[in-house]
Amino acid sequence: MYTLSSALTTAATVIQHLAPHCDRIDVAGSVRRQAYEVKDLEIVCQPKKIFVKNPALLFDEGKWQVSDDFELALDSISASVEKGQVSGRYMKIILKNGMPIDLFMPQPADYFRQLVIRTGNSDYVHNVIAASWKMKGWCGTENGLRKISECAPKNGTDGKPIWRCTTDHPTLPPVWESEKAFFYWLGLPFTPPECRHINNYVNYRK
């Protein structure tokens, strides 16, 4: 475990290295909630991407990929990569100072929902946030929120249902421009990160 002070120092170093190569980046998890002790560091970011043409084709066909600068910046602070890759949506990394870091790279349209989820804590997200979008008729999928009526559940390895969309043209949720916009869409008052705990949340609502 790490103290909040040491985790904040490490988070500042990570942000300093990665921010120039991201369109958005935020500290999440227990550090953002200002927990007294921190197990690991959680970062949500949207790395800058560049368009790479396919040299075998005559026309402007190619793909968007994470810039080399982001990968180099990540390498400069990493001792090892335990899981994932920069082209994915999640990486587990051990920093050079030994602190583990969970790096989440969500789709741009889903950024602020993911920031709320990754800020936690898990009980608050499950019982307040996820319960609210379920009441509105939505479920969480690997591609973001989708209408429950357009999805089907499948049991995951942990026994929890994994929702998968059953239509090629699903109804999409709005693109939230901030955490506050996401909270208001759910019909919830915005709750500061340090109050995102079931007991604190009840007291905050009083």
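Only the coordinates and a few stated rules stand behind these numbers; no lab work does. A quick note: this is a predicted structure, and the numbers were derived from the prediction, not measured. Please note: Cβ atoms are built from the backbone with ideal geometry, for glycine as well, and neighbour counts cover all protein chains shown.
Compare the Cα positions of W163, Q107, S67 along the charge dipole of the chain (+1 at Cβ of Lys, Arg; -1 at Cβ of Asp, Glu; about the Cα centre) and return the one farthest towards the positive end.
Checked the options; the winner is W163.
What FRET efficiency do you get for S122 and S6 if R0 is 30 Å and r is their Cβ-Cβ distance, rounded to the nearest 0.05?
0.85
Determine the gain in length on full extension of the stretch Q107-E142; use 0.36 nm per residue of separation and subtract their C-alpha separation, reporting nm with one decimal.
Stretched out fully, the Q107 to E142 stretch lengthens by 11.6 nm.
Under a Cβ-only charge scheme (Lys and Arg +1, Asp and Glu -1), can you give me the dipole magnitude of the chain about the Cα centre, in debye to the nearest 20?
Computed about the Cα centre, the dipole is about 700 debye.
Calculate the all-directions average of the projected area of region 1-119's alpha-carbon convex hull, and give it in nm².
7.8 nm²
Within 15 Å, Cβ to Cβ, of C151, how many net charges do the neighbouring residues add up to if Lys/Arg are +1 and Asp/Glu are -1?
Net of charged neighbours comes to +4.
How do 132-142, 19-29 rank on mean C-beta neighbours within 10 Å, highest first?
Highest mean packing first, the order is 19-29, 132-142.
Looking at T10, Y36, M91, which one has the Cα that reaches farthest to the positive end of the dipole of the chain (charges on Cβ: Lys, Arg +1; Asp, Glu -1)?
Y36
When the dipole is taken about the Cα centre of region 2-105, and only Lys, Arg (+1) and Asp, Glu (-1) are charged at their Cβ, what size is it in debye, to the nearest 20?
Computed about the Cα centre, the dipole is about 180 debye.
What FRET efficiency do you get for M135 and H169 if R0 is 30 Å and r is their Cβ-Cβ distance, rounded to the nearest 0.05?
0.75
Can you spot the lysines whose alpha carbon is less than 24 Å from K53's alpha carbon? Ignore those fewer than 8 places along the same chain.
Within reach: K63.
For Rg and Dmax of the Cα atoms in Å, the choices are (i) 16.4, 45; (ii) 18.2, 56; (iii) 18.5, 64; which was calculated from the structure?
(iii)
Near K180, which lysines are there with a Cα under 30 Å away, not counting those fewer than 8 places off in the same chain?
K39, K48, K49, K92, K134, K136, K147, K160, K206
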